[in-house]
1. Give the residue, chosen from LYS55, LYS85, LYS93, that is surrounded by fewer than 15 Cβ atoms within 10 Å (Cβ to Cβ), in contact (Cβ under 8 Å) with a residue 24 or more places away in the chain and either of a type outside the set (Phe, Trp, Tyr) or closer than 22 Å to LYS9 by Cβ (or both).
2. Being more than 16 Å from ILE4 (Cα to Cα) and either part of a strand (DSSP E or B) or touching a strand residue (DSSP E or B) at 6+ places or on another chain (Cβ under 7 Å) (or both) is the filter here; which residues of region 70-91 pass it?
3. Farther than 24 Å from TRP136 by Cβ and surrounded by 14 or more Cβ atoms within 10 Å (Cβ to Cβ): is that true of LEU28 in this structure?
4. Only residues that are more than 21 Å from LYS85 (Cα to Cα) and loosely packed, with under 11 Cβ neighbours inside 10 Å: list them for region 140-160, please.
Amino acid sequence: MVKISLRIKANLENISEVYTSHPEYTFLLKLKCLNCGEVSQKWQDVVESETQPTKTGKSETHYFAKCKLCSRENSLDIIEGSNGKFTLEHAGKFVNLVTFDCRGLEPVDFNPTGGWIAKTEGGTVFEDVDLSEKEWVEYDDKLKLSVGIYELEHDFIKVK
């Protein structure tokens, strides 16, 4: 089992924190089979609140699939409590968003669609923020300022 963290980095304008609607958030991932190197062509969805049985039926996992190229059975779980927040203090640095327990595969790409939550410095909460364009802009009536998330980047690192 390999543990891999998805990390994000962004520039925030009048936003104090950004995070996913965990455990309901759908992580859209492209996954690579570690046996043959095949990378999924389609986005695979992984949701912490949803599980599926493994082939044996004795346990459940957040993602289970057979590699289309080599037929190896692979699975991935979101480690409970591993979800993090990106805050204003993290500007310019990568921060762990979530950690996956990977068996036979590893994530190689992430599509940050809708379902994010952004809180402003004045306490306004924006729900279902869509970061699929790697940026988001809105106006906070309470603060009378524009707010935004810009230059969203992500990467994956192996963790212990």
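The values are calculated or read from the model by the stated rules, or taken from the named source; none is laboratory data. Being a predicted model, the structure only gives us computed values, none of them experimental. Here Cβ is always computed from backbone atoms with ideal geometry, including for glycine, and neighbour counts include all displayed protein chains.
1. LYS93 is the lone residue from the list that is surrounded by fewer than 15 Cβ atoms within 10 Å (Cβ to Cβ), in contact (Cβ under 8 Å) with a residue 24 or more places away in the chain and either of a type outside the set (Phe, Trp, Tyr) or closer than 22 Å to LYS9 by Cβ (or both).
2. CYS70, ARG72, GLU73, LYS85, PHE86, THR87, LEU88, ALA91
3. Here the answer is no, as LEU28 does not meet what is asked.
4. Matches in region 140-160: ASP141, LYS142, LYS144.
Residue-wise test of (1) buried (at least 16 other Cβ atoms within 10 Å of the Cβ); (2) closer than 29 Å to LYS119 by Cβ; (3) modelled with pLDDT under 95; (4) among the hydroxyl-bearing types (Ser, Thr, Tyr).
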| residue | (1), (2), (3), (4) |
| --- | --- |
| SER5 | yes, yes, no, yes |
| LEU12 | yes, yes, no, no |
| THR20 | yes, yes, no, yes |
| LYS32 | yes, no, no, no |
| PHE64 | yes, no, no, no |
| ILE78 | yes, yes, no, no |
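Okay, residues lined up against (1) in contact with a His (Cβ under 8 Å, 6 or more places away or on another chain); (2) small (Gly, Ala, Ser); (3) assigned to a loop (DSSP other than H, G, I, E, B):
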position	(1), (2), (3)
THR99	no, no, no
CYS102	no, no, no
ASP109	no, no, no
ALA118	no, yes, no
LYS142	no, no, yes
GLU153	no, no, no
